[in-house]
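What follows is a set of notes on a single structure, which appears directly below.
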Ligand SMILES: Cc1cc2nc3c(=O)[nH]c(=O)nc-3n(C[C@H](O)[C@H](O)[C@H](O)COP(=O)(O)O)c2cc1C
């Protein structure tokens, strides 16, 4: 349980910076996703070759204001490693306060500089920060002075890449540990292709590891992006939501992965909306339209489980036995 006694953790958390230098291959990273990248999903993608997993974006000021908010926004456990917690903040005080509370439980603190939603821009967080490099510099500086876990930024590119270079240089000047670049500008929709040129540019002007984000829907996409840009790893959001096993080389979500998700979500607890949405994403490419129509109309966890038992032979008890046996062997 979080925010109680981090000293109970018997093994140290993974050092992400060491992962970059010792893994001898580009890293596979699961993106921060509001609503979705919660504890059960994080454990799921780790079973399928994800090296680093992010939490959803969390508002730093709310997080540090109350224990209730911390318990709601971030639950973790010993298996949740390495995890990077992503904060949205508009100033160094808010971010450093939140980072200090989270640091004992995570392997990294990330600043969201990419959320393009109107409310976020109005709050001067997310993609607003791409036009406020001074604030980002202050946030990194103040956070690094208070915690000793890596501090990273997740950025977008500017239309004029010279602006991106200035932004990156300022972050580097205060010791940002690594950078994730989503290869789109603040105004570009995710239906537009990512800019490989923008990603490559950020890698070229950086002296720290760089992760590329955008349009990774398969392991081949990840490889293509690494080859084209020279980045140190790739991060997937929509792709891994549809197919949590993509970094393990699966072209579509294997049934075993869906069973794993159901088991994890039920074990940890979930709400029906998120449970249903995860499954809708995972079935996206395998269900027929008629099946999808029926499945999408379900609203409760029991009705979803009934459907999966009836149509797919879901048997969670058997699944748990198989897993227990595999662990013992
Ligand atoms: C459902 C959903 C939730 C997201 N939430 C976050 C978030 O909390 N923080 C963040 O930095 N980006 C968030 N994003 C953006 C993704 O992390 C990623 O930058 C973007 O989707 C591009 O990657 P993709 O092409 O792999 O989807 C979210 C995207 C999706 C689809």
Filtered residues of region 104-119 (kept if more than 18 Å from residue 142 (Cα to Cα) and part of a helix (DSSP H, G or I)): 105, 118, 119
If residue 164 satisfies all but one of (1) closer than 29 Å to residue 282 by Cβ; (2) in contact with a strand residue (DSSP E or B) (Cβ under 9 Å, 6 or more places away or on another chain); (3) surrounded by fewer than 24 Cβ atoms within 10 Å (Cβ to Cβ), what's the number of the condition it fails? (1)
Going residue by residue through region 272-284, is there one that turns out to be over 19 Å from the mean Cα position of the chain (by Cα) and in a loop (DSSP other than H, G, I, E, B)? yes
All but one of (1) within 22 Å of residue 29 (Cα to Cα); (2) in contact with a helix residue (DSSP H, G or I) (Cβ under 8 Å, 6 or more places away or on another chain) hold for residue 294; state the number of the condition that does not hold. (1)
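So which residues in region 33-47 are more than 16 Å from the ligand (Cβ to nearest atom) and either farther than 15 Å from residue 235 by Cβ or more than 12 Å from the chain's Cα centre (by Cα) (or both)? Talk me through it step by step, then tell me what you get.
Restricting attention to region 33-47, the residues satisfying the condition of being more than 16 Å from the ligand (Cβ to nearest atom) are 43, 46-47.
Matches in region 33-47: 43, 47.
One line per residue, one yes/no per condition, for (1) closer than 20 Å to residue 174 by Cβ; (2) without any contact (Cβ under 8 Å) to a residue 40 or more places away in the chain:
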{"site": "88", "(1), (2)": "yes, yes"}
{"site": "99", "(1), (2)": "yes, no"}
{"site": "110", "(1), (2)": "yes, no"}
{"site": "114", "(1), (2)": "yes, no"}
{"site": "121", "(1), (2)": "no, yes"}
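Given the criterion on the phi < 0 side of the Ramachandran plot, under 16 Å from the mean Cα position of the chain (by Cα) and at pLDDT 95 or above, identify the matching residue among 196, 211.
Details: 196 fails: under 16 Å from the mean Cα position of the chain (by Cα).
Exactly one of 196, 211 is on the phi < 0 side of the Ramachandran plot, under 16 Å from the mean Cα position of the chain (by Cα) and at pLDDT 95 or above, namely 211.
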Residue 80 is checked against (1) more than 14 Å from the ligand (Cβ to nearest atom); (2) in contact with a strand residue (DSSP E or B) (Cβ under 9 Å, 6 or more places away or on another chain); (3) under 19 Å from residue 144 (Cα atoms) and fails just one. What number does that condition carry? (3)
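Go through 50, 30, 72 for me and flag whichever is within 16 Å of the ligand (Cβ to nearest atom) and surrounded by fewer than 22 Cβ atoms within 10 Å (Cβ to Cβ).
Details: 50 fails: surrounded by fewer than 22 Cβ atoms within 10 Å (Cβ to Cβ); 30 fails: surrounded by fewer than 22 Cβ atoms within 10 Å (Cβ to Cβ).
Testing whether each residue is within 16 Å of the ligand (Cβ to nearest atom) and surrounded by fewer than 22 Cβ atoms within 10 Å (Cβ to Cβ) leaves just 72.
Based on this model, can you work out whether residue 101 counts as in the same structural domain as residue 33 (by TED's automatic domain parsing), modelled with pLDDT of 95 or more, at negative phi and within 15 Å of the ligand (Cβ to nearest atom)? Even if it seems obvious, please write down each step before you answer.
Values: in the same structural domain as residue 33 (by TED's automatic domain parsing): yes; modelled with pLDDT of 95 or more: yes; at negative phi: yes; within 15 Å of the ligand (Cβ to nearest atom): no.
Judged against the criteria, residue 101 is not a match.
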Would a scan of region 218-241 turn up a residue that is without any contact (Cβ under 8 Å) to a residue 60 or more places away in the chain, touching a strand residue (DSSP E or B) at 6+ places or on another chain (Cβ under 7 Å) and surrounded by 17 or more Cβ atoms within 10 Å (Cβ to Cβ)? yes
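The values are calculated or read from the model by the stated rules, or taken from the named source; none is laboratory data. Please read all numbers here as calculations on a predicted model, not as lab measurements. Virtual Cβ from ideal backbone geometry, glycine too; neighbours counted across all protein chains shown.
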